Every structure is written in C-alpha cells, then in structure tokens.
Amino acid sequence: MQRIWYPFKLSVNPRWAWVSVWLLSLSLQGQEPPRMEWDQLPALPNAVGVAGPFVGMHQDALIVAGGANFQPPVWESGKVWHDQIHVLTRTEDGHQWQDGGNLHHPIAYGANVSLPEGLVCMGGNDADEVFDDVFLLRWDPDTASIETEALPSLPRPCAHGQAALIGRIIYLAGGQGGLTLETATDQLWALDLSQRGKDSDFQWKILPPIPGGARAFNLTLAQHNGYQDSLYVLSGRTQDPEGVRFLDDFWEYQPMSSTWRPRKAAPKCVMAGSGVPWGQSHLLVLGGADGQLFHQGDALKDDHPGFPKEAWAYHTITDTWTSAGPLPENQVTTSAVLWDDTIIIPSGEIRPRVRTPTIRRGKVLIQPASFGWLHYLILGGYLAAMVVIGIGFKRR
C-alpha cells in the first residue's frame, strides 16, 4: 500500500486544546437561559384536582390517572385516593377531556415514563400500603378507551420516587418502601425494554445506589452531557435521627460506565418538583418545595402562601444553574411532560392539602442574544488560541 505523505505534522501542546475548550465553555455560559410564557388548557374534570397522578403522553393525548386529594374544607377532611383515568385529546376547536375508565385500584404517588407504546406506571401507594406493580396504559383513539398491560414488578414496593427514560431503558431512582419517610431509599433500578418477551432477562436490575443517600420526593431526569445520555437525580427529602432533612444535592449517573459523579447543587431544595429535558443540554426544573414552611403547614393552613414560584435551568455541559423566570403557580407532586414544543404541568398541589385542577402549558421563548463586550473578549481569546495551535503545525 502506498504511503500518503503530508507536508506538515501536528504538534499541539494539550494545554492549548484545553484553552479552546475553556473558551467554548465560557461562550456557552454566556448564552441566555431559557424563559417561558404560560397559558392554560382545559381544567381537569376532577374539580378539586389531584396530587401524585400518573402523567404521560400517548397517541397525541395527555393521560392523567389516579392521584389523591382532600375534599373541601381541606383541613377538616381526610385524604382520598382516586382511580379515574382522564385523557385530554385534540379537537378541531382545541382540546377536550375524555373518560379513560379506571385503574385497577385507587393509587397515587407512583413514578411514570412515556413510551411510544404507552404510559408506564410504577409503584405508588394508597392509605394502607405501597405497591410494586408496574403496568402500561395505552390510549386507543379509535375506540376512545384505555388498555392496560402488566409489566415486570419492581424489586420492592416504591412510592414517591421518579423515573426517566434513556434509549429503551427505564431508570427509577429514590422513593420510599413504606408509608413513612423513614423508609426512603438510595435505590436505582433499571428495566431494559429491548428485552421484552424474554422472560429471564426482562426484569428490573439493581444498579449502584445514589451516592448522596436515601431520599424520596426527588426529581429524576435524563439529558445529554456532551459525551453521553445521562441520568440526573436531584433534591428530595430524607429522615435523619434529628428530623426531616431537605436536600439540594445533584447527582449524574453515566450508564456507559455505571458510575455516579456529583454535579453543582441546586440553588435551593426543589423536592416534589417536576422537570423536563430541553434542547441539547438543558434541564428545566419547574418549581418544587424548598422546605422553608414545611413544619408550619398545620399552623398556617389557608394562610400558607404556596410554594416558591420560580423555574430553574441547568446546563449539563457547563454544570451551571440559572433562573428560568417566574412561574404563574408552583404545582408540586405532579409530573411535567412535553407535548410537541410545549411543556405541560397537570394538576398537582399548590399549598399543603390544596390541589388545583389547572393544566398549565408553557412555551420556551428563544432569547435573542446581544453581542456584548464579553462575547468580543471570548471571540478574541478563542482566535488567539487558534493562532497558537496553528503554530504547532510544523513543516517537515
């Protein structure tokens, strides 16, 4: 084979390559964070609203199933669990709710993931027990009905955890095995959907636990980190001997190496919040409770101001947090989903014991970037680095 001769060879000091990467990182940090504008879709048919429903998308329809609430007057009534399945579909004039039937029993506070095949519902609890059931809800637009299919049960019962999808693998992180926070766990489980139909392999696998320790009411999201699709576990709360501890720590799990690494902590605790991946490298965290008034709920009752109304954006490549602007309302203990190019937050809890039937729809605004002095500095530094790298090309 004839050897190809090049008139130069590359001899680059690695430190200059790192300079260019650093400058690129600065450029990314200089980008405007996402901002959102909000409106509403038709309210949930349950006029009180529910917390902890199974939420997802299938066949261009929003599914909201189960959940729990307190009937008014909320401070004089007990918690009620529900089994109704509500389905929001498109119409020529907008959107309309349809009756999707009922779950096999009343349940709330499970985890959920949307697939092309349907909505996967995992675990959850009622007033008496925590469940390990896993099942798929499929919406049939032709018959306007929900079909249910059983999937492999969880290794143990779990409620108040959250799940995310990477490829064809469902990851479920955190949660509690009993009805009290003392049973919170550091578990990470995975179900490989590509093994469906293979009885021996289509089971939940136990993966390395969350390094930050046991937690429930955490967020679990998936996004690309510049190298690979990764899993992110954020915040939650746990029970220590001294009492309830509110968490703001943030962990990234890399499936290719089965390893965890810490990421920059959230600006505050966002337990029971919701979030979605956005774009190539952002996570949007849409509210959550910060714990500031956690122990005062019974005393404040209807004077409780609600949970902090601020959204946050995390950039997976630069490991930075920025504000994503105000929220019209902070709906916790529900799941946000993407519907086309919008973010849907259905129902949930807006202050202790109080639910809302509101279905929020958010649209991310693309912020026009102004080219200021920082950008000129970054551009000049980047060009200078490229000149230095170019000198490294030595002619023979």
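Within the set GLY123, GLY94, GLY78, the sole residue that is in the same structural domain as LEU154 (by TED's automatic domain parsing), exposed (fewer than 15 other Cβ atoms within 10 Å of the Cβ) and either within 22 Å of ARG361 (Cα to Cα) or touching a residue at least 40 places away in the same chain (Cβ under 8 Å) (or both) turns out to be GLY94. When LEU293, LEU338, LEU283 are checked against the criterion of being under 28 Å from VAL120 (Cα atoms), surrounded by fewer than 21 Cβ atoms within 10 Å (Cβ to Cβ) and assigned by TED's automatic domain parsing to the domain that holds LEU172, LEU338 stands alone in meeting it. Taken over region 216-249, the residue count meeting the criterion of being farther than 19 Å from LEU338 by Cβ and part of a strand (DSSP E or B) is 15.
When you scan region 184-205, do you find a residue that is in a loop (DSSP other than H, G, I, E, B), among the small types (Gly, Ala, Ser) and buried (at least 20 other Cβ atoms within 10 Å of the Cβ), even just one?
Of region 184-205, the ones in a loop (DSSP other than H, G, I, E, B) are 186-187, 196-204.
Among the residues that remain, those that are also among the small types (Gly, Ala, Ser) are: 197, 200.
Going one step further and asking which of them are buried (at least 20 other Cβ atoms within 10 Å of the Cβ), we end up with none.
Scanning region 184-205 turns up no residue that is in a loop (DSSP other than H, G, I, E, B), among the small types (Gly, Ala, Ser) and buried (at least 20 other Cβ atoms within 10 Å of the Cβ).
Which of (1) on the phi < 0 side of the Ramachandran plot; (2) surrounded by 21 or more Cβ atoms within 10 Å (Cβ to Cβ) is the odd one out, the single condition ALA272 does not satisfy? Here ALA272 meets the rest and fails (1). The test for being modelled with pLDDT of 95 or more, crowded, with 17+ Cβ neighbours inside 10 Å, β-branched (Val, Ile, Thr) and closer than 30 Å to PRO73 by Cβ holds for THR356.
The values are calculated or read from the model by the stated rules, or taken from the named source; none is laboratory data. Quick caveat, the model's predicted, so the values are computed rather than measured. Ideal geometry is used to build each Cβ from the backbone, glycine not excepted, and the neighbour counts take in all protein chains shown.
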